[in-house]
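Student: Supplied in structure tokens, the structure appears directly below.
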Amino acid sequence: MEYAAFFFIVVGLIFFLGTSIGLLRFPDFYTRMHAAGKGDTLSTVLILAGCIFAVGSQGDLNWILALKILLIINFVFIGCPTATHAMMDAGERAGAKPWNKKGENK
Amino acid sequence: MNSFITIAGVTLIGLMLLVLIRVIKGPTVIDRLVAVNVIGTKSIVLLLFSGILFGQLDMFVDIALGYGLLNFIVSIAASRYYQHRKCLEQKGGNS
């Protein structure tokens, strides 16, 4: 139970490392949005799963608590991509042009 | 287990500072919005970590859920607000 917690939390942190690096290095709004939306949701869900096992290994896990954490996981799974979609839509409407190789945002 | 959770929490805060750079540097408003959304979802995780460390996770789970809902609604509202203002896009030149 404890090793499962270690595993999930470490993998979640690695994904979040990828997300933050992607957010910083990508040249354009759309590519940044791609990195942020995807990696952020996945790492949050993984770390939350790790939290369930972490609490489980401490022995005071009653099923209501696990259910609540699962509820948060489901909400993040549904809510975060929707928010990313709304922001992408706003970026599109406000006139963000996709980056291309030749010129910057030609 | 508790020491591992604290280490994970500290690394999480460090990575969130990385995202904070994007909030400061972001040329357009919507880049900043994206980065703030990422920080918002990550603070849910931080809340849960502190819940585990302080022992009574029941209280912190509810707080984290409430915070997640609020963060989601703010992202939607802000994106709806910024989509009709043409002037802001690429005002700061290309990144």
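Student: Sort B:10, A:45 by accessible area with a 1.4 Å probe, largest first.
Tutor: Numbers: B:10 100, A:45 20 Å².
I get B:10, A:45, largest accessible area first.
Student: A follow-up question, please. Once the Cβ-Cβ distance between residue A:7 and residue B:17 is put in as r, and R0 is 25 Å, what FRET efficiency do you end up with, to the nearest 0.05? Before the final figure, lay out the partial values.
Tutor: Working: r = 25 Å, r/R0 = 1.01.
Calculated value: 0.50.
Student: Tally up the carbon and sulfur contribution to the accessible surface of segment B:21-60 as a whole percent, 1.4 Å probe, everything protein left in place.
Tutor: On the way: 1070 of 1440 Å².
Ligands and nucleic acids excluded, carbon and sulfur give 74 percent.
Student: Which distance in nm do the two modelled labels at residue A:75 and residue B:70 give, with both placed 7 Å along the Cα-to-Cβ direction?
Tutor: Once both label points are built, they end up 1.2 nm from each other.
Student: Working with all protein chains in place, sort B:79, B:43 by solvent-accessible area computed with a 1.4 Å probe, largest first. Each step should come with its number before you reach the end.
Tutor: Working: B:79 0, B:43 25 Å².
Final ranking, largest accessible area leading: B:43, B:79.
Student: OK, next. Compute the acute angle (0 to 90°) between the alpha-carbon long axis of helix B:29-54 and the principal axis of greatest extent of the alpha-carbon atoms of chain B; round to the nearest 10°.
Tutor: 10 degrees
Student: Given labels modelled 7 Å from the Cα in the Cβ direction, how far is it in nm from residue B:63 to residue A:57?
Tutor: 2.4 nm
Student: Using a 10 Å cut-off around each Cβ of peptide B:36-49, what is the average number of partner chain Cβ atoms that fall inside?
Tutor: Working: counts 0, 9, 14, 1, 3, 11, 7, 0, 6, 14, 1, 1, 10, 5.
For peptide B:36-49, the averaged partner shielding equals 6.
Student: Still on this structure, please answer the following. Inside 10 Å of the C-beta atoms of B:64-75, what's the mean count of C-beta atoms belonging to other chains? Mind showing how you got there, number by number?
Tutor: Numbers: counts 6, 6, 0, 1, 6, 3, 0, 3, 8, 2, 1, 8.
Average neighbour count from other chains, rounded to a whole number: 4.
Student: Ordering B:12, B:46 by accessible area with a probe of 1.4 Å, largest first, what comes out?
Tutor: On the way: B:12 0, B:46 45 Å².
Ranking B:12, B:46 by accessible area, largest first, yields B:46, B:12.
Student: As a test question: what accessible area, to the nearest 10 Å², does residue A:53 have when a 1.4 Å probe is rolled over all protein chains in place?
Tutor: Result for residue A:53: roughly 70 Å² accessible.
Student: Calculate, for residue A:14 and residue B:81, the FRET efficiency according to 1/(1 + (r/R0)^6) with r their C-beta to C-beta distance and R0 41 Å; round to the nearest 0.05. Please list the in-between numbers first.
Tutor: On the way: r = 35 Å, r/R0 = 0.84.
In this case the efficiency is close to 0.75.
Student: Alpha carbon centre of segment A:9-23 versus segment B:1-58: separation in Å?
Tutor: 11 Å
Student: Give the interface area between chains B and A as buried accessible surface, both sides summed, probe 1.4 Å, in Å² to the nearest 100.
Tutor: Working: alone 6750 and 7360 Å², together 9700 Å².
Rounded to the nearest hundred, the buried surface is 4400 Å².
Student: When Cβ neighbours within 10 Å are restricted to other protein chains, what is their mean count per residue of peptide A:80-88? Please list the in-between numbers first.
Tutor: On the way: counts 8, 0, 3, 13, 5, 2, 10, 12, 3.
Mean shielding count: 6.
Student: Follow-up. Return one number: the angle in degrees, 0 to 90 and rounded to the nearest 10, between the long axis of the Cα atoms of helix B:2-25 and the longest principal axis of the Cα atoms of chain B.
Tutor: Helix B:2-25 and the main axis of chain B meet at about 10 degrees.
Student: Then there's this: Name the residues of segment B:33-77 whose amide N is less than 19 Å from a point 7 angstrom out from the Cα of residue B:10 along the C-beta direction?
Tutor: B:46-54
Student: Next question. Rounded to the nearest 10 Å², what accessible area does residue B:59 have for a 1.4 Å probe in the complete protein model?
Tutor: 100 Å²
The values are calculated or read from the model by the stated rules, or taken from the named source; none is laboratory data. Predicted model, so just to flag it, every value in this text is computed and none were measured. When we count neighbours, we look across all protein chains shown, and the Cβ atoms used for this are built from the backbone with ideal geometry, even at glycine. These accessible areas exclude ligands, DNA and RNA; they are computed on the full protein's heavy atoms, side chains included. Shrake-Rupley method; radii C 1.70, N 1.55, O 1.52, S 1.80 Å.
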